[in-house]
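Notes to accompany the following structure.
The values are calculated or read from the model by the stated rules, or taken from the named source; none is laboratory data. Just so we're clear, the structure is a prediction, and the values are computed from it rather than from any experiment. The area values use the complete protein model at the heavy-atom level, side chains included, leaving out ligands, DNA and RNA. Shrake-Rupley method; radii C 1.70, N 1.55, O 1.52, S 1.80 Å.
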Amino acid sequence: MQRVQIYIEDVNGDLKLIDLFDNESIQLTSTIQDIKDIGNVFTDYSQTFTVPASETNNKIFRHFYNYFITQGVYDSRKKKRAEIHINYMPFRRGKIFLNNVKMKMNSPYAYTITFYGETVSLKDLIGDDELTDLT
């Protein structure tokens with residue numbers, strides 16, 4: 001039986017193992033090139049999947065669900081470094097994007113995240129550079 005582990009960058013820049021639901025499946029799509037959209041060249045990505053709002057995961061996604069807290073919260077506008085392991089062997093490196101949080105009775109229940117490969121997109125590599133800025 002194969003078991004998946006996901007490590008996500010925490011506040012200190014260290015990769016921390018997150019908790020997963022036992023029955024959650026992670027579907028990873030690997031593409032070499034999507035010629036229709038030049039912004040998505042050479043990238044792996046997953047379908048959106050859900051992880052529990054456990055004590056471990058809440059430490060990583062610090063107060064994302066509470067918009068009243070402004071200090072030390074998880075910045076969901078930025079992708080965080082991540083790794084997917086299968087049976088504790090490295091499988092893919094990339095970035096995790098936190099999409100949203102599911103709430104139950106005013107408490108976080110689960111986080112919805114998406115994994116992107118190491119080269120997230122050509123747009124991320126170039127950024128706001130102009131052609132004249134490239135060497």
Enumerate the amide H contacts of TYR111 below 5 Å, restricted to partners 5 or more residues apart or on another chain; note that Pro and chain-start residues carry no placed amide H. VAL51, ALA53, LYS102
Computed accessible area, HIS85, all protein chains, 1.4 angstrom probe, square angstrom: 20
Restraint check, LYS59/LYS102; LYS16/LYS102; LYS16/LYS80; LYS16/LYS59; LYS16/LYS95; LYS16/LYS104, Cα-Cα greater than 18 Å: LYS16/LYS102; LYS16/LYS104
Exposure ranking of GLU130, GLU9 by accessible area [1.4 Å probe, largest first]: GLU130, GLU9
